[in-house]
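A short reminder: the numbers here are calculations on the coordinates, not readings from a lab. The shown structure was predicted, so the numbers you read here are calculated from the model rather than taken from an experiment. Here Cβ is always computed from backbone atoms with ideal geometry, including for glycine, and neighbour counts include all displayed protein chains.
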Amino acid sequence: MYTTGDRLKVSLFGKSHADRIGCVIEGLPLGMHIDIDDIKRSMDLRRPSDRIGTSRKETDDVIFDSGISDDVVTSRYVILTIRNENKDPTSYSEFNRKPRPGHADLPALIRFKGMDISGGAQFSGRMTAPLVAAGAIASQYLRAKGIGIAAYTKQISDIKDENEHTFDEIYASRSFITRSISKEYDSMMTERILSASEDGDSVGGVVGCMVNGLPIGFGGIWFDALDVTIAKMMFSIPGVKGVEFGKGFSIAEMKGSESNDQYHMIDGKISASSNNMGGVCGGMSDGMPLTFNVAFKPTPSISKEQHTIDLHEMKDTAISIKGRHDPCIVPRAVAVVEAMTAIAIMDQYLSHHPGEWEHDHHHLSIPSS
């Protein structure tokens, strides 16, 4: 298992073509009510679209093996699993010998001798499914505390949405298959994805995320900083190659007089005239909306012929990848960004409010994958 978190710990287990995948959530407040329908809605947002997604379809029904009874948290440990119902490992056997460019195949095969990397194994985006379920639970908790999280597709290939958006506008991206902000962007981004797919290729993009309701001072310093914690969670998502807060790298082009978010009072509350810092200074919230962008690489699995090596014969060869792959993972990744953000922020929230962190001695038993 692989674990993240301090007060709220999430441990991931399984692999892409195992019978099931899942996670253990440790630290949910006892007695917390769980909205099962809300979890299903989050899982549906992660599922591929018929038009622009992979042909691998899974029901992704979340099964609570332990820790929840009558939709209420009853144990220190909550164990959830999701069955892998649509497995096809035969499409991947070649990659144990010919590693796919852009994938984890090569370093994984060299480091973990004898590992079967069918379907990407532990490195697959399939492993984000239980994380979305865990994130949906964390989001429910945070909403009850007045903290909202919403993400959207900001860019697909060269189609960029450079406009500023409100939280409600971002949340409404759930209406579009690309998770873009409008019908116009949805149409353009869909066309760009389909064009790449028809050419046997793929495209990447950027997910933008906003968090509302964080009080001034929320977060930490140094290794426990709010942006550090979130960046770590974002880089845990397969395919992520960059994270920036606020204006990010473009802030390097500004002068201090331009980049500083100058404070003033509005209706008796501290506010700022801009949000170039993305709502975080010194690792803590400055009271403005927390905003950040996450860059995803193009899906490495493409049908265009690519150069690789034959690990058995140690010579150059070529590979053309078949099987079921998304020509663009960004629309599905939006739900993952929301989930991982929720897990990170709930963990820090419980650190700020240790009284809500309950203990018990329930026996923990992990289902075999």
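For LYS40, list the lysines whose Cα falls under 29 Å from its own Cα; do not include residues on the same chain fewer than 8 positions away. Partners found: LYS9, LYS15, LYS57, LYS87, LYS145, LYS154, LYS183, LYS232, LYS241, LYS297. Between ASP38 and SER187, full extension at 0.36 nm per residue minus the direct alpha carbon distance yields a gain of 50.9 nm. Among 295-306, 170-181, 101-112, sorting by the average number of other beta carbon atoms lying within 10 angstrom of each residue, highest first, gives 170-181, 295-306, 101-112.
On the beta carbon distance between ARG111 and ASP201, with R0 = 25 Å, the FRET formula returns roughly 0.30. Does the range 8-60 come out rounded, prolate or oblate, given a ≥ b ≥ c as the square roots of the eigenvalues of its C-alpha gyration tensor, rounded meaning a/c under 1.5 and, failing that, prolate meaning a/b above b/c? Taking the square roots of the gyration eigenvalues as a ≥ b ≥ c, the range 8-60 is oblate.
Using modelled amide H (1.01 Å from N, peptide plane; none on Pro or chain starts), what sits under 5 Å from the amide H of GLY204, excluding residues fewer than 5 places away? Close amide H contacts, sequence-distant or interchain: SER157.
Protection proxy ranking for 71-77, 345-351, using the average of other Cβ atoms within 10 Å per residue and placing the highest first: 345-351, 71-77. Between LEU194, SER274, GLN262, the Cα set farthest toward the positive side of the dipole of the chain (charges on each charged residue's Cβ, about the Cα centre) is that of LEU194. Summary of packing: across the peptides 247-260, 148-161, the per-residue average of other C-beta atoms within 10 Å ranks them, highest first, as 148-161, 247-260. Placing +1 on each Lys and Arg Cβ and -1 on each Asp and Glu Cβ, with no other charges, gives the chain a dipole about its Cα centre of roughly 820 debye. Only one item in (i) 152; (ii) 138; (iii) 125 matches volume of the Cα convex hull per residue in Å³ derived from the coordinates shown, and that item is (i). Tell me, what is the FRET efficiency for SER93 and ASP158 to the nearest 0.05, using R0 = 30 angstrom and their Cβ-Cβ distance as r? Efficiency, from the Cβ-Cβ distance: 0.25. Placing a pseudo-label 7 Å from each Cα along the Cα-to-Cβ vector at SER257 and ASP224 gives an inter-label distance of 3.9 nm.
In the chain, helices alone account for a calculated mean residue ellipticity at 222 nm of -8000 deg cm²/dmol, with every DSSP H run of four or more residues adding -39,500 (n - 2.57). The distance from the alpha carbon centre of the range 135-161 to that of the range 1-69 is 17 Å, rounded to a whole number. Once R0 is set to 45 Å, what does the formula 1/(1 + (r/R0)^6) return for the Cβ-Cβ distance between HIS307 and HIS264, expressed as a FRET efficiency to the nearest 0.05? With R0 = 45 Å, the Cβ-Cβ based efficiency is 0.20. For SER16, the residues whose amide H sits under 5 Å from its own are ALA121, GLN122, SER124, ignoring neighbours fewer than 5 places away on the same chain, with H placed 1.01 Å from N.
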